[in-house]
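Structure record follows, encoded as structure tokens.
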Amino acid sequence: MRIRNLIVRYGATTALDIGELTLKRGVCYAVIGANGCGKSTLARCIAGVIKPTSGEVGLQPDDKVRYMPQRSYAFYGSTLSNVMLGVNATAHGKERARMLIDALNLTTVARQGAKQLSGGQTARMALARTLVGQGTWLVLDEPTAALDSGSMLAAEGLIRSYRDEFDAGVILITHSLKQAKRVSDQLVFMENGHVVEQGETKRLIDDPQTPALTRFLELFGA
Amino acid sequence: MGSAFAQALQLIVTGDPMLLQIIGVTLRMSLTSSATALVLGAPWGAFLAFGSSKVKSVLIVVNRTLMGLPPVVCGLLCYLMFCGVGPLRFLHLLYTVEGMIVAQVILVTPIVAGTIEAYARPLVAPVRETGVGLGMSRPRILRLMIQECRYQVFTSYLLALGRALAEVGAVSMVGGAIAYKTNVMTTAIMMYTNRGDFKMAIALGIILVGLFFLLNILAHVLQPKVVA
């Protein structure tokens with residue numbers, strides 16, 4: 001994916017202004033930055049939820065993007081039926097849905113109404129719904145923000161498996177530098193709508209090249 | 001007054017023919033007008049809920065204004081359209097049940113559209129975002145949206161039906177409250193009360209309140225229950 005001159009403006013405010021950003025399939029990118037730096041806007045542009053003011057995301061014609069928004073939405077119906085929304089109702093699809101429900105500890109609430117789930121359960125359901133279908137790109141906007149540590153580790157394992165199974169590029173928006181270190185191969189640091197630094201996660205955290213990332217790491221720790 | 005109440009109950013229990021005729025006209029008018037208002041108002045409300053633009057903002061304000069259209073003003077407009085010198089006189093709708101239905105549709109459609117728009121608007125963004133994120137087509141996202149609003153669509157219908165049952169201004173002006181033809185429960189209650197025939201007025205009042213009670217029971221029973 002080659003993002004070029006991607007600009008998103010809301011009125012007089014420029015939310016995103018990326019000159020060039022190249023992302024590869026099979027690699028997990030953690031996108032970090034302070035609130036309001038444009039991470040979610042970038043995610044929504046890649047997913048096709050919003051149209052950029054100018055520029056392009058540069059997806060291939062056969063690319064399929066699976067996107068989990070920051071706020072999870074539960075539809076009427078059971079947890080299982082919500083997860084099945086993300087995949088065709090084939091035997092394989094149902095099997096995969098069941099596997100994800102079990103892996104994310106939703107088995108006991110599989111038949112329960114999805115609108116009655118707790119915040120953490122809804123987030124896990126939404127993650128299962130996103131991972132159940134095959135895609136070439138996985139864009140996850142703070143998928144584990146509402147999860148306890150056990151569920152978070154399980155979710156991270158599933159994300160890595162998804163990357164390996166489908167050779168998918170993963171774009172993980174996170175506020176947790178520890179999570180970024182655990183899960184991602186590459187780090188993308190954003191500030192004020194721009195990509196300031198990009199590189200191997202461990203190297204960047206141990207040896208940031210820009211004052212902005214240095215300040216960010218000092219404030220938020222690693 | 002006590003004997004009038006007792007006589008009213010007797011009218012109901014024995015199925016007085018005049019009573020039944022009035023109820024029949026009322027139900028025919030109300031059910032038809034509310035169903036028509038739903039068919040017209042639901043898509044219109046959905047259209048108003050999706051997306052935003054200056055034109056759409058104006059349309060929303062206009063619709064909300066029409067939600068408060070006084071029934072007598074609506075009746076007056078319809079009367080002027082359908083009367084002997086009106087532009088739609090060739091339709092011969094004045095003093096007919098069909099004319100009353102038209103008046104009620106004009107009154108109730110903005111209410112249906114407005115309630116659906118108000119309910120659906122906050123849902124559009126999360127439903128669309130989730131649907132796009134899962135690679136769904138636009139028609140499928142729209143179907144999901146309608147599913148999410150189905151309870152609201154049904155309660156909008158009940159609201160429309162309730163409004164149609166209770167309305168008196170427009171239907172009396174357009175229908176004329178003609179006995180055996182366009183007299184509905186509300187106009188009949190007025191007429192019989194003015195005449196001093198309280199038993200009939202009370203009987204109709206009991207049935208009208210009973211109908212509203214049934215509508216509310218229906219709405220309560222059909223509250224969304226999340227099932228597997």
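Quick check on residue B:178: is it more than 20 Å from residue B:99 (Cβ to Cβ) and among the β-branched types (Val, Ile, Thr)?
no
Which members of region A:78-89 meet the condition of being more than 8 Å from every other protein chain (Cβ to nearest Cβ) and in a loop (DSSP other than H, G, I, E, B)?
Listed by number, the residues that qualify are A:87, A:88, A:89.
What are the pairs, 6+ residues apart or on separate chains, where a residue within region B:125-151 that is more than 8 Å from chain A (Cβ to nearest Cβ) has its Cβ under 6 Å from a residue that is surrounded by fewer than 14 Cβ atoms within 10 Å (Cβ to Cβ) and in a loop (DSSP other than H, G, I, E, B)?
Pairs found: B:151/B:224.
Can you tell me which residues in region A:165-174 are surrounded by fewer than 15 Cβ atoms within 10 Å (Cβ to Cβ) and touching a residue at least 12 places away in the same chain (Cβ under 8 Å)?
Within region A:165-174, just A:167 meets the criteria.
Only residues that are among the aromatic types (Phe, Trp, Tyr) and either surrounded by 18 or more Cβ atoms within 10 Å (Cβ to Cβ) or within 30 Å of residue A:75 (Cα to Cα) (or both): list them for region B:148-191, please. Don't jump to the end; show me each part of the working.
From region B:148-191, those among the aromatic types (Phe, Trp, Tyr) are B:151, B:154, B:157, B:180; that's our starting set.
Within region B:148-191, B:151, B:154, B:157 qualify.
Which of the numbered conditions does residue B:44 fail, given that it passes all the others? Conditions: (1) under 16 Å from residue B:173 (Cβ atoms); (2) more than 14 Å from the chain's Cα centre (by Cα).
(1)
Identify all residues within region A:90-112 that are surrounded by 14 or more Cβ atoms within 10 Å (Cβ to Cβ), among the polar types (S, T, N, Q) and within 14 Å of chain B (Cβ to nearest Cβ); write none if there are none.
Matches in region A:90-112: A:112 only.
What are the residues in region A:38-77 that are charged (D, E, K, R) and either under 18 Å from the mean Cα position of the chain (by Cα) or within 11 Å of another protein chain (Cβ to nearest Cβ) (or both), if any?
Hits for region A:38-77 are A:39, A:44, A:63, A:64, A:66, A:71.
Read-outs throughout are calculated quantities, based only on the coordinates presented, and are distinct from any laboratory measurement. Predicted model, so just to flag it, every value in this text is computed and none were measured. FYI the Cβ positions are ideal-geometry reconstructions off the backbone, even for glycines, and counts take in every protein chain you see.
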